[in-house]
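Let me begin by presenting the structure, written as structure tokens, before commenting on it.
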Amino acid sequence: MAADALEVGRVRANRFSLKMAWIIARRELADTVRDWRLVLPILVLVIGFPWLMNWTAEIVIDFVQRRDATLIGERLIPFLLMVVGFFPLSFSLIIALETFVGEKERRSIEPLLAMPITDLELYLGKTISATALPLAGSLLAICVYLTGLHLSIGYAPPLELLIQILALNVISAVVMVSGAVVVSSQTTSVRASNLLASFIIVPMALLIQGESIVMFWGNYGTLWIIAVGLLLVAVILVRMGVKTFNRESILGREIDELNLRRSGRVFRHHFVQAPGRLPEGYSQDRVARPLSRLLRWLGRVYRYDLPYLLRQNWIPVLVVVIALIGVSGLGWAYVSNFPLPQGTLTLEELSSQDFEALSNVSLLPSLTTWGILSHNIQALLLAALAAVVSLGVLAVLMLMLPIGVVAFLAGEMAWLGYNPLAFLAAFILPHGVLEIPAAIIATAFALRIGASITAPREGLTVGEGLLAAAADFFKVFVFLVVPLLLVAAFVEANITPQIVVWVYGG
């Protein structure tokens, strides 16, 4: 039956038709509306939750007005507006996770895959249906909340803020649904798709926390930046979903099995074997002596594997570099908001004893080669682990933080009358010329690990794609990043302090 469905499914339209996608969407919407277990919670969130937020807003505003802290109430109302709109959107994740794998478990997917439509029409139809009902509930909940506020306290949000929140809700829905549809099309059970949903929930929860900080800070212009960033993520996820969606693979996968031995073999294969096709001149003959085989393998790693992996991953490297340039400009710009008082720092008084004292600060690594090296390795490995649960976003953010601090300090030096280029050349350049490229490369490959969850390599499952990306990360990390970090740590511990003291004459 599955073979017949696939054979019929190959008869597809020559052009993409939005009408066919809408037919699929209407079918899915009709099934969703008939399921009271999905509709009832959405109605509760649309009607009951806005009323609860209205009641909360009235109590808080009355409380802060009696204590002359009206600013808190003014910032709280837009935040509650965002929360009211986001909660109904959470059901889009539940619906999207059921799109393909749910039908497969119910054995109703074969007739759907047998329809003479393109993969793009089927994918977009499912995505539209999973987005429409929760998004409509979100917009209705916002209307209920604003109507209640207007009737109770006469509040009306600024038009720009309202447009920002509506745009964020719409784009957030597309991001969650597109990611969940990819997960649903790549797993074999609803239980597995629900477990993998954490890779979508965690980044969105972090995003909501970031948006709340922006709102309470009152810098609403930043919401446009967040909206643009989310829009780019949505476009990437939709493109990945369309690229990786394949109806044959949905029927071909039977069960997701946690096989540690097989996972180890997959990881070892991608770690040991050359990525891509070896050029002519590389002998595949096995050498009898293990030491000779190891040396030949190491020679191939440095002559072919590492250059090949760096060339193939220039896009994530470029993404990380652009992010660091952006945060550097942001760190420099923030100097005008938080300038240090004149005379706070006197670099001329620095001495070798000051650097030795830094080794006793508990929050900083010891100023030794091993202390600096172990700290950098742990930070980059933690970033790679965080990339798995955040689609690579946390890995980039963890590197942006110290770079932003360095740019901020350079700006402060300029404010205090020092040459910022001389400051960077003395404090950062000696070891940073090796440490920063190593961190960029490690972060780029960590970003690729996160991206592999939603866009596995062709011919690989999600798990195999994740293992392949992890193998590439560790190959680059062990044979390129760690040696660069080792030399950089030695320079930072033994040479950089001497250069600083020499430049500033302490």
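The values are calculated or read from the model by the stated rules, or taken from the named source; none is laboratory data. Since this is a predicted model, take the numbers as computed values, not measurements. Every residue, glycine among them, receives a Cβ derived from its backbone with ideal geometry; neighbour counts consider all protein chains shown.
A few remarks follow.
- Figure legend. Inter-residue proximity from segment 35-54: first residues surrounded by 23 or more Cβ atoms within 10 Å (Cβ to Cβ), second residues part of a loop (DSSP other than H, G, I, E, B), beta-carbon distance below 6 Å, spacing 6+ or different chains. No pairs are indicated.
- For segment 462-483, a residue qualifies if it is within 22 Å of residue 432 (Cβ to Cβ) and surrounded by fewer than 20 Cβ atoms within 10 Å (Cβ to Cβ), and the qualifying residues are 478, 479, 482, 483.
- Subset of segment 299-321 (residues that are touching a residue at least 60 places away in the same chain (Cβ under 8 Å) and either among the aliphatic types (A, V, I, L, M) or more than 17 Å from residue 387 (Cβ to Cβ) (or both)): 301, 302, 305, 306, 309, 310, 317, 319, 320, 321
- Test: residue in segment 408-424 that is over 29 Å from the mean Cα position of the chain (by Cα), modelled with pLDDT under 95 and of a type in the set (D, E, K, R): yes
- Against the criterion of being among the small types (Gly, Ala, Ser) and more than 23 Å from residue 321 (Cα to Cα), residue 450 does not qualify.
- From the list 453, 403, the lone residue that is at pLDDT 85 or above and not assigned by TED's automatic domain parsing to the domain that holds residue 238 is 403.
- Inter-residue pairs, beta-carbon under 6 Å, first within 20 Å of residue 407 (Cβ to Cβ) and surrounded by 13 or more Cβ atoms within 10 Å (Cβ to Cβ) and in segment 339-365, second at pLDDT 70 or above and hydroxyl-bearing (Ser, Thr, Tyr), 6+ apart: 347/504
- Filter result (in contact with a Leu (Cβ under 6 Å, 6 or more places away or on another chain) and buried (at least 21 other Cβ atoms within 10 Å of the Cβ)) within segment 406-438: 410, 412, 438
- Note on segment 173-260: enclosed helices (runs of 4 or more DSSP H) holding 2 or more residues that are surrounded by fewer than 15 Cβ atoms within 10 Å (Cβ to Cβ) and modelled with pLDDT under 70 are 247-252.
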